[in-house]
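The values are calculated or read from the model by the stated rules, or taken from the named source; none is laboratory data. Every value quoted in this text rests on a predicted model; they were computed, and no experiment measured them. Counting neighbours? That spans all protein chains shown, and the Cβs are built from the backbone with ideal geometry, glycine included. Accessible surface is based on the protein model in full, side chains and every heavy atom, while ligands, DNA and RNA are left aside. Shrake-Rupley method; radii C 1.70, N 1.55, O 1.52, S 1.80 Å.
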Amino acid sequence: YYNRDQEEGQLQNLGDLPNFKSSNGAGDFGGSPSFASPFADITGNGSETSPFPYTPPAKGAALDWANYVEQDISEIAPNYDVPYIYNFNLNIQRELPGAMILQVGYVGSVGHRLATQYDADGITPAGHAACLANPTCISNSLNQRFFFPQDAAQPATLNGYPDFLSVGTLNTEGSSNYNSLQVSLNKNATHGLYFTIAYTYSHALDNASGLESSGFFARSMNNAPGFQYLNYGDSDYDARQRFVSSYDYRIPLFTAMRENSIVNSALGDWHFAGFTVLQSGFPVLVSDAGIYNSLWCDRFSYYGCAEVPETSSFSITKYNPRSLNPTTGLNQGFNTSSFSQEPVGTFGNVKRNFFHGPGYNYTDMSLFKQVMLGHETTRALQLMIQAQNVFNHANFAGPDGNFTSGQYFGAVTGVDASADYNGDPAAGRTVQLVGRITF
């Protein structure tokens, strides 16, 4: 299958010249703007000339290039291609007694030319070595390309200001693979009972689970020489095991109860239905946001900086999120003792998504009955009681994976809840009574 990539990527170059002019005020040179004087650093450490009001140049007019320095832009690579994926499966079905069908299958896929990014104005190996040997550059690693433009691939300057701070570039060099065992048991309705049970054991791997994953999350794609292997790992959506069941049971009545028309009308044809989901957790994104110890990128990087800490062990002990850390008083999701700050001049050794957070466990149920109104079959009253997360089981959000979060690193600070008010999983048990007339 061939498909277009996400719209998001094709919108990133809207800010490129000559479409419109933007500025961060004193933030353009690493300062802090104020409301009263946004182009001067609030602490007095420098200022710049306001580029506004900005008049777009007329066709054929000479350009004042001083208006176009310090560009932080996104472009599309010349070899940008169409993403494609191969899907394949093999299924075996067997009919079983009781109106049931058992299916066992292998389902897999391989993806190529997936959306990724790199910085065409990144720090060069020579620039990295020069910065590592310069204590002043190390202390200004946050703004390396502003103060040391010669370290970047595009070193040109105008009046002392670098022409470019970052040239984020969209390309299609990502790849993925997915393999799974899928087992299902389906029962057609007999004796008032219907159910479907499905179990999936799978593993999804890639080096970019979409543009947001490779470009905008705290852990961006690593394009530094010698460190690109850190990108490959479990997909952001990798859930190793998932069990789902749905069921509907018509509650039976004794013969004597069915023969009594009043009792049968009141108690007959009630259905008990629901579904249950058990799922292992999604990967934890471990990053070291805001440090810039590697000296391979800085805060101007259009598509983020792939800083990660060191770990002395890849066997991370996970805790029950209900347990409290006695030191911080926070709910702890995993043991953080193996992690440490990466050395200056290099990335840490933490690979992308190498362990997973807490899983899901929720059940939604309903009890309902349909009462026909009159002798017609077009009008009916449906009475129902519904409950989401009926057992009120807390489905915890993933723990904080940012090493620079201090005591919050490794802590679970909330539950996972759907953005849809009526979606799953629900943060807690919700119950509603429903009366619906159909006609």
Would you work out what percent of the accessible area of region 153-261, with all protein chains in place, is carbon or sulfur (probe 1.4 Å)?
58
Pseudo-spin-label distance ALA58 to ARG379, built 7 Å along Cα→Cβ, given in nm, is 7.6
Excluding ligands, DNA and RNA, the carbon-plus-sulfur percentage of the accessible area of region 335-439 with a 1.4 Å probe reads 54
Using a cut-off of 26 Å between alpha-carbon atoms, which lysines can reach LYS351, once sequence neighbours fewer than 8 places away in the same chain are excluded?
LYS318
Taking loop as defined by DSSP and a crowding limit of 12 other beta carbons within 10 Å, which chymotrypsin sites (Phe, Trp or Tyr not before Pro) in region 1-80 fit?
TYR1, PHE20, PHE35, TYR54
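Is there a quick way to get the dipole size of region 106-238? I mean about its Cα centre, with the Cβ of Lys and Arg at +1 and of Asp and Glu at -1; what is the value in debye to the nearest 20?
Details: 4 positive and 10 negative charges, 59 e Å.
Charge dipole, region 106-238, about its Cα centre: 280 debye, nearest 20.
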Which labelled figure in (i) -0.52, -1.39; (ii) -0.47, -1.28; (iii) -0.66, -1.24 is log10 I(q)/I(0) by the Debye sum over Cα atoms at q = 0.08, 0.13 Å⁻¹, once derived from the coordinates
(iii)
Nearby lysines by direct alpha-carbon distance to LYS369 (threshold 28 angstrom, same-chain neighbours under 8 apart not counted)
LYS187
I'd like to know which of THR317, LEU373, HIS356 lies farthest towards the positive end of the charge dipole of region 239-393, counting +1 on Cβ of Lys and Arg and -1 on Cβ of Asp and Glu.
LEU373
Taking the alpha-carbon centre of each part, the distance from region 158-180 to region 88-149 in Å is 12
Spin-label pair GLN407/LEU193, simplified geometry with 7 Å Cα→Cβ offset, distance in nm:
5.3
With all protein chains in place and a 1.4 Å probe, ARG429 shows an accessible area in Å² (nearest 10) of 120
With R₀ set to 51 angstrom, the calculated FRET efficiency between the beta-carbons of TYR421 and THR136, to the nearest 0.05, is 0.45
Sulfur and carbon atoms: percent of accessible area, region 1-134 [1.4 Å]:
57
Hey, got the dipole for region 1-102? About the Cα centre, +1 on K and R Cβ, -1 on D and E Cβ, debye to the nearest 20?
300
Dipole of region 135-275 [Lys/Arg +1, Asp/Glu -1 at C-beta], most positive-end residue of GLY215, PHE195, ASN159:
PHE195
Treating cross-link reach as a plain straight distance, find the lysines whose alpha-carbon is under 28 Å from the alpha-carbon of LYS21, omitting any fewer than eight places away in the same chain.
LYS59
With 0.36 nm assigned to each residue of separation and the Cα-Cα distance removed, ALA153 to ILE101 gains 12.6 nm
Estimated FRET transfer efficiency (ASP269, VAL82; beta-carbon r; R0 51 Å; 0.05):
0.45
For region 294-399, with every protein chain kept in place, what is the accessible area per residue (1.4 Å probe, Å²)?
46
For ASN349 and SER312, extending 7 Å from Cα along the Cα-Cβ vector and measuring point to point gives, in nm, a value of 1.2
In the chain, if the dipole is taken from +1 on Lys/Arg beta carbons and -1 on Asp/Glu beta carbons about the Cα centre, which of GLY428, SER74, LEU295 is farthest to the positive end?
GLY428
Let's see if you can work this out: charge +1 on each Lys and Arg Cβ, -1 on each Asp and Glu Cβ, no other charges. What is the dipole magnitude of the chain about its Cα centre, in debye to the nearest 20?
1820
Restricted to the chain, the DSSP antiparallel beta bridge percent, nearest 5, is 95
Where in region 154-178 does the amide nitrogen come within less than 16 Å of the point 7 Å from the Cα of SER22, taken along Cα to Cβ?
165-170
